[in-house]
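Just below is one structure, and these are the notes that go with it.
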Amino acid sequence: MQKESGWKKKSKEEHKLIFEFAEGYKKFLDEAKTEREASIYISERLRENGFSEDVSTEKVYKVFKEKSVVVFVKGEEPISSGMNILVSHIDTPRLDLKQNPLFEEVGLAMFRTHYYGGIKKYHWVAIPLAIHGVVVKVDGRKIRLRIGEEDGDPVFVIDDLLPHLSKKTLDEKKLSEAPEAEKLTVLCGSIPLVGVEKEAVKAGVLDILRNMYGIAEDDFVSAEIEVVPAFRAKDVGIDRSMIGAYGQDDRVCAYAMLEALLGLNKPTKCCLGIFADKEEIGSEGDTAIRSTFLFMFLYELMESMGIKPDDTLIKRALFSSKAISADVNGAVNPMYQEVHEKQNACYLGLGVCVEKFTGHGGKIGASEAHAEYIAEIRRIFDSKGIIWQTGELGKVDQGGGGTVAKYLAAYGMNIVDCGTPVLAMHSPFEITSKLDVFETFRAYLAFYNS
Ligand code: MN
Ligand code: MN
């Protein structure tokens, strides 16, 4: 089990391909910072490449509530003989604006937030932030907001306390408690509206929102506004070998999956791709992998194939399927090597990572892939010369995490976690290796074609 840099195994021409692939990926990261934007981007790319929402065609997709997408490519074999399934997620840890967010203190207007997913709160202060989302008016009109991304756009920020005064208030707190969640308020204005006596700065912000976007204060009640880092995806390192960007967990696997789906041409097996929402908060909710939307999609699909669909047929098709839970893994951090058991950890630049099980402690909450299935994955990857590695998330009893694998495993299908290694995972600026991103795409394409 050699741990050798994947770059050494690639030719000059292949290096070029890897770098080209990364350019498309960076565009996706910049355009799709929320699950809504990701689902719009994915469906546009699918449409441009001959996919349609008409379930009677060979290449089908369905968008569910603008937050998750299911894609189907008809194979030579019938759906009843099982599908090759990939599932990734397009939601990402962030800050959501509260339902009644706006307030004013000491002449400054701010938005209150409620964080989503596993963030380290100190990551979110004193960095430029953008606002993305929708405001839905009572009459159903949807106003889209995206402020802070274009050159010349203003950005937003969460004020941090100066070191001179933070000794008692912040510095002596445990890192996990500082700053408190309620202090993650987003600075958004400071000019008072002329002629207003009370809360004139807040009135000034509302005046701009009304004039520029047609949004009134009570419209925030029916809005979903996400606060995300305002910076764009960048090459990292003087050799440009890495990508730094917000939201790579799990848009890196989502992008690799999308590109694999677009590259399919008459596969043997029917292929299914699921871009799920709400993975970061436990896959609960109607747009998450545990929702019935997958069944509804398969119902429609079978109907269009002239099969009278019922639960048993769909369950049988899922039972006979094989799957990859396309999600990232934490790569060995050079300065915190002690949290990893390095013989079984994954590393940046060593290729796509196959993770036999997730969970914590004694494999609690894990979906564990069987040896027979791992052997099949090895066979598939090795036959296409995929550069891959294995990886367990951290030392035993160090912590852990889960993915959507167990929810599909519940149908009785073989499933294994397989995705890109990431440094600084769940931070506003996550790091991946361009080589690993490319190998993830190649691995997914090989899997679909198996
Ligand atoms: Mn993930
Ligand atoms: Mn995650």
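The values are calculated or read from the model by the stated rules, or taken from the named source; none is laboratory data. Values in this document were obtained by computation on a predicted structure and should not be read as measured data. When we count neighbours, we look across all protein chains shown, and the Cβ atoms used for this are built from the backbone with ideal geometry, even at glycine. The accessibility values were calculated without ligands, DNA or RNA, using every heavy atom of the protein model including side chains. Shrake-Rupley method; radii C 1.70, N 1.55, O 1.52, S 1.80 Å.
Accessible area per residue for the chain is 46 Å², calculated with a 1.4 Å probe on protein heavy atoms, without ligands, DNA or RNA. Residue-wise HN-Hα couplings along region 415-430, as the Karplus relation 6.51 cos²θ - 1.76 cosθ + 1.60 with θ = phi - 60° gives them from phi, are 8, 9, 7, 7, x, 8, x, 10, 9, 6, 4, 6, 9, x, 9, 7 Hz; Gly and Pro carry x.
Based on the Kirkwood approach, the hydrodynamic radius assigned to the chain is 23.2 Å, with every pair of different Cα atoms included. To the nearest 10, the accessible area of TYR407 is 50 Å² with a 1.4 Å probe. Cross-link check: pairs LYS59/LYS384; LYS9/LYS269; LYS65/LYS121; LYS121/LYS174 evaluated at a Cα-Cα cut-off of 22 Å; pairs beyond the cut-off: LYS59/LYS384; LYS9/LYS269; LYS65/LYS121. Close amide H contacts of ASP96 (hydrogens built in the peptide plane, cut-off under 5 Å, sequence separation of 5 or more or a different chain): HIS114, TYR115, TYR116, VAL227. Helix 35-48 and the longest principal axis of the C-alpha atoms of the chain enclose an angle of approximately 50°. Hey, what angle do you get for helix 371-383 against the long axis of the chain, alpha-carbon based, 0 to 90 degrees rounded to 10? Computed tilt is about 90 degrees.
Considering only alpha-carbon pairs that sit under 8 angstrom and 6 or more positions apart, the relative contact order computed for the chain is 22 percent.
3J(HN,Hα) along region 184-190: 7, 9, 9, 5, 9, x, 8 Hz, from the Karplus curve 6.51 cos²θ - 1.76 cosθ + 1.60 with θ = phi - 60°, whole Hz, x for Gly and Pro. Could you check how much of the accessible area of the chain is carbon and sulfur, as a whole percent, using a 1.4 Å probe? C and S atoms contribute 54 percent here. Projection of the Cα convex hull of region 94-229, averaged over all directions and equal to a quarter of that hull's surface, yields 9.4 nm². Which listed residue (PHE21, VAL60, ILE42) has the Cα farthest towards the positive end of the charge dipole for region 5-74, taking +1 on Lys and Arg C-beta and -1 on Asp and Glu C-beta about the Cα centre? The residue sitting most towards the positive pole is PHE21. Relative to the longest principal axis of the Cα atoms of the chain, helix 248-262 runs at roughly 50 degrees.
DSSP beta bridges fully contained in the chain are about 70 percent antiparallel.
Here the chain is assigned +1 on the Cβ of each Lys and Arg and -1 on the Cβ of each Asp and Glu. Its dipole about the Cα centre then comes out at about 960 debye. Take every pair of alpha-carbon atoms less than 8 Å apart whose residues are at least six positions apart; their mean separation over the length of region 94-229 yields a relative contact order of 38 percent. Between exposed GluC sites (Glu not before Pro) in the chain, where DSSP calls loop and at most 15 other Cβ atoms lie within 10 Å, what's the longest gap? No qualifying site falls inside 342-450, the longest such stretch.
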